[in-house]
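One structure below.
Quick note: the coordinates plus some simple rules give every number you see, no bench work behind them. In this text the structure is predicted, and so the values were computed from the model without any measurement. Cβ placement follows ideal geometry from the backbone for every residue including glycine, while neighbour counts extend to all protein chains displayed.
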Amino acid sequence: MSYTNWKFQKNVEVYQLLYHLYAIMYVILEEVMLLKNEKLQVWIEKAKSVRNFFTNKKTVKSARITSQVVWNLFLLLMTVVIIGGSFATGVGAGYFASLVKDEPVRSYEGMKKDIYDYTETSELYFANDVYLGKLRTDLEREEVKLDQVSKDLINAVVATEDSYFYQHNGVVPKAVFRAVFQEVTNSSVQSGGSTLTQQLIKNQILTNEVSFQRKANEILLALRLEKFFNKKEILEAYLNVSTFGRNSSGRNIAGVQSAAKGIFGKNASDLTLPQAAFIAGLPQSPFGYTPFTREGTIKNNLEPGLTRMKTVLKRMFDGGYINQKQYAEASAYDITKDFIPPVANPLEKYPWLTVEIEKRAIETLTTVLAKKDGYTEKDLKNDDNLYYKYQRLADHNLHQNGYQIHTTIDKDIYDAMQKVKDNYKYYGPDKPQEKLDPETGEKKTVIEPVEVGAELIENKTGKIISFVAGRDYSKQQLNHATRALRQNGSTMKPLLVYGPAIELGRAAPGTPLPDVELRLDPTRSTPWPRNYDLRYSGIVSARYALAKSYNVPAVKLYKEILDQRPAKYLEKMGFTSLKKADYEIPATSIGSLTTGVTIEENTNAFSTFANGGKFIDAYLIDKIVDNNGKVIYQHEVKPVDVFKPQTAYLTLDMMRDVVKMGTAAGVRSKLNFRADWAGKTGTGNEYIDSWFVATNPNVTFGIWTGYDTPKSLKTSGMSYSQRTNNLWAELINAAYKIKPDLVAPKESFSRPEGIVKRSYCAVSGMLPSNACSKAGLIESDYFNVNNVPSKIDDSLIEGNFVTIGGKKYLALDSTPKEFAQFGLILNPDFITRMVGKNFKNISQLIPQKDRWGKILVPDAKMVDNGKNPDSVSLKVSGNTLTWSAAADNDIVGYRVYQGGIISTKVASIISGSNLSFTVGNGTYYVTAVDIAGKESAPSNLVEVGAVDPPAPQ
């Protein structure tokens, strides 16, 4: 607005004020003229006597003489009064102008925004429009249109608060003068000087400050408001703005709709005459007249409110809004019987859910409001100040604008799960924990229970159907399902190891992996990792390793793909708390994260496999509707490609074995239904976290248990994993009972094209060789058609071996056949490929299974030391020869000879067996033979029994 236009507009406003000031001056004169008190009556009587005197014929003559003088005096007096009144009016107008000089000239749009900018409480809904309750707020308000308000309530408000409402232009001069007069004279009897229009201005634009300046601005703005808005609009705004004390639950309320619902349990359109009168009387003293306490109980003394109701009825009667009969019946009515009992606060019945909805609604609105102004989600992510700005705006709007927040939570399933959680008896023991008192700083011991977090997600949509946030909100407000960050243990393996390895063509379900004592972390001085059972199983398939949750095979495979940054798959599957180290260290593969992951993120990631390799982000806010019924946000499913369908299926098929014969095999017997489940258990480091996440074609359900302050879950009796798995089963059974078609689909996971079944050698994963066939180690499993085995197995060789010192070594070409054994031997080159050159305990590679008994593991290559073995010492006892072991470490056996100079070999004894031999009568000696075939000098000669004389020469 230009300065000239602004000045013109300001002058118009001042002229309007002058008009009203003159009106007020007129009222002052009128009040003075109508003043009725004893002195004035005396003066009137005296005036009448004077009048009679002057009309008496005797005095008429003498009056003529002085009439001119009296008339002149009267004219002089009237001139003084008019000039004085004009001066006073001018002074008043000047003073009034000085009070409002800083008040800006408000436009229609500006005033409309201010008047209708009142807090309206947002409402929360379960799925399928099932009402949950109102959002937690300090003041509950629900907007209502004027045509949806009882006519009795409208009349009651007008009759009580502003009887001239339909006649005035925003102010009533008589009322203003009365209020000013009472203020100046400090009158003890205060009568309201504000119209409904002025009260609306005070509540929405100005403050409750008591000052002439505020009152002057109020009058000015009231006049302006009446120029812009009609009476219906002003009355509707007033009815929505005014406060009405407390509702039956003790919460503060504003607006007639909230008052009608909160006090009488009905809409404002359905109020009876007594109820309307009671509500209309509340704004004068909302907390004085309200019938409810802060605690949601009925007040002991209801008399002030009841008296006020009768006052309202009297004013309605005096104003002609009701007749005598209506007035009498309403005044005699017992309104107290209409007061409703307390209504459950959703924060009290659904504390975790209510808080979670509020947080997510703010997050959602932050993005919505920013996009409205042209900003993207990336802009918000990269600019903390920008994000904070729109987050604060979203928070304000959510608590002010009366939205309807519709969620995905199924009320019945949610309630059923809470009941199961509350009644479960096998969480494990509470444990003491030292904590610092935030007030005193002193250490104190508190008892911590085992906590729980669980979440049920619909795969194809990402809807969060239900969750379990914790044991007791009054003791721990943390939502363990959505906000707690924990180590996810072995549930990480399908997500970060097997899934990515299959995707990258580095593994298949049948891929053999070593479960032996390895040092896979160079920063550790001891073997790492270790399996949870502290044992090793030798060469196992990826499928079996996952089913039994072996750590060594998983870490070994992860290190082979670590250079391709497999943690990028976690990003695609919604992990939001990854740190730099999580992309680099081997421990990430078994769930040792820097900060952890939420139950929701971990569970949601598993649904990727059920969705054919596409990640669909889980969500709780389905839509947000504004108070005009317009949908301002509607969730859209946006799949993210993570794995190929073939990868997803192969990983799922591996996880089926976890439930069939692996670490979660006990779950099946606990379920009340059948479904195609695939899942994974998990244990955090030092047994501080326990997990089970499983998915079927429809839903994915994950659970975690543990202490808030990390402590071991191991106890005597039922294992921690059994306790977790059993609770998982009880919770999903409860959901199944309510929605069987959702929880237990009849169909199984569909196998995509590109999956084939092939035979392979269980030792190497390659195409079977003759040696593998002879060993009986040919197996079959599923493969991606693009990654089937193409090379013939070379892990087994057919050949000779020798035993030295209880260990087996490959025979050399020169090794005497008599000391060598024929068998199937692990190829040393294959061993190096699998476990490296420095691995010593090669025998660990052979699983403890009957069918692997034909496989021999050479401990190392034995090299000829280049010299003949040392001779041995021979003894005889009866017919039994015994001799000492040769000192050399490459001895493969011993030869027993009979005779002296001319002798005959009578036996070959393999090294490692009993160094003795039973013979007949004669002369004997023994020699040692090394791996190269070199033979020691003869031992000493011994004679057994009677020896025949030597034959003649």
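Counting only residues 5 or more places away or on other chains, whose amide H sits under 5 Å from the amide H of Ser249 once H atoms are built in the peptide plane?
Distant-sequence amide H within range of Ser249: Val343.
Applying the Karplus parametrisation 6.51 cos²θ - 1.76 cosθ + 1.60 with θ = phi - 60° to the phi angles of region 261-276, what ³J(HN,Hα) value in whole Hz is obtained for each residue in order, glycine and proline being reported as x?
Taking θ as phi minus 60°, the curve returns 6, x, 9, 10, x, 9, 6, 4, 6, 10, 6, 7, 4, x, 5, 5 Hz for region 261-276.
With unit charges on the beta carbons (Lys and Arg positive, Asp and Glu negative) and the dipole taken about the Cα centre of region 621-753, which residue among Pro740, Phe692, Ala648 sits farthest to the positive side?
Pro740
Can you work out ³J(HN,Hα) from phi for every residue in region 928-937, in order, using Karplus 6.51 cos²θ - 1.76 cosθ + 1.60 and θ = phi - 60°, giving whole Hz and x for Gly and Pro?
Calculated HN-Hα couplings, in order: 9, 10, 9, 5, 8, x, 6, 10, 6, 5 Hz.
Cut-off under 17 Å on the C-alpha distance; same-chain residues fewer than 8 positions from Lys837 excluded. Which aspartates and glutamates are left, in chain and number order?
Asp515, Glu517, Asp521, Glu560, Asp829, Asp859
About the Cα centre of region 874-944, how large is the charge dipole given +1 on each Lys and Arg Cβ and -1 on each Asp and Glu Cβ? Please answer in debye to the nearest 20.
In debye, rounded to 20, region 874-944 gives about 160.
What order do you get for Asp563, Asp472 when you list them from fewest to most C-beta neighbours inside 10 Å?
Asp563, Asp472
Quick one: dipole size for region 447-743, taken about the Cα centre, charges +1 on Lys/Arg Cβ and -1 on Asp/Glu Cβ, in debye to the nearest 20.
Here region 447-743 has a charge dipole of around 400 debye.
Which of Pro494, Thr445, Thr511 sits closest to the plus end of the dipole of region 443-538, meaning its Cα is farthest towards the positive end, when Lys and Arg get +1 and Asp and Glu get -1 on the C-beta?
Farthest towards the positive end: Thr445.
Below 14 angstrom from the Cβ of Asn611, what's the summed charge of the other residues (Lys, Arg +1; Asp, Glu -1)?
So the surrounding residues net to +3.
My understanding is that a pair violates if its Cα-Cα distance is over 23 Å; which of Lys493/Lys660; Lys572/Lys737; Lys463/Lys638 do that in this structure?
Table pairs above 23 Å Cα-Cα are Lys572/Lys737.
Could you list Ser721, Ser843 so that the one with the fewest beta carbons within 10 Å of its beta carbon is first and the one with the most is last?
Ser843, Ser721
Can you list the residues, at least 5 places off or on another chain, whose amide H is less than 5 Å from the amide H of Ser795, using H built in the peptide plane?
For Ser795, whose amide H was placed from the backbone, there are no distant partners under 5 Å.
What are the ³J(HN,Hα) values, in whole Hz, obtained from phi via the Karplus relation 6.51 cos²θ - 1.76 cosθ + 1.60 with θ = phi - 60°, for each residue of region 572-578 in sequence order, with x given for Gly and Pro?
5, 9, x, 6, 10, 10, 6
Once amide H atoms are placed 1.01 Å from N in the peptide plane, what residues at a sequence separation of 5 or more from Lys431, or on another chain, have their amide H within under 5 Å of its amide H?
Long-range HN contacts for Lys431: Glu448.
Give me the net charge for the shell around Lys310: Cβ to Cβ below 13 angstrom, other residues only, Lys and Arg +1, Asp and Glu -1.
It works out to a net charge of -1.
Past 21 Å, Cα to Cα, is the threshold; run Lys548/Lys680; Lys359/Lys580; Lys310/Lys337 against it and keep the listed order.
Pairs exceeding the cut-off: Lys359/Lys580.
As a footprinting exposure proxy, order Val452, Val906, Val420 by other Cβ within 10 Å, with the fewest listed first.
Sorted ascending by nearby Cβ count, the order is Val906, Val420, Val452.
Distance cut-off 27 Å, Cα to Cα: go down the list Lys556/Lys849; Lys644/Lys714; Lys411/Lys714; Lys849/Lys934 and report the pairs above it.
The pairs that break the limit, which is 27 Å between Cα atoms, are Lys644/Lys714; Lys411/Lys714; Lys849/Lys934.
How much net charge surrounds Asn488 when only other residues with a Cβ under 11 Å from its Cβ are counted (Lys, Arg +1; Asp, Glu -1)?
With Lys, Arg at +1 and Asp, Glu at -1, the net is +1.
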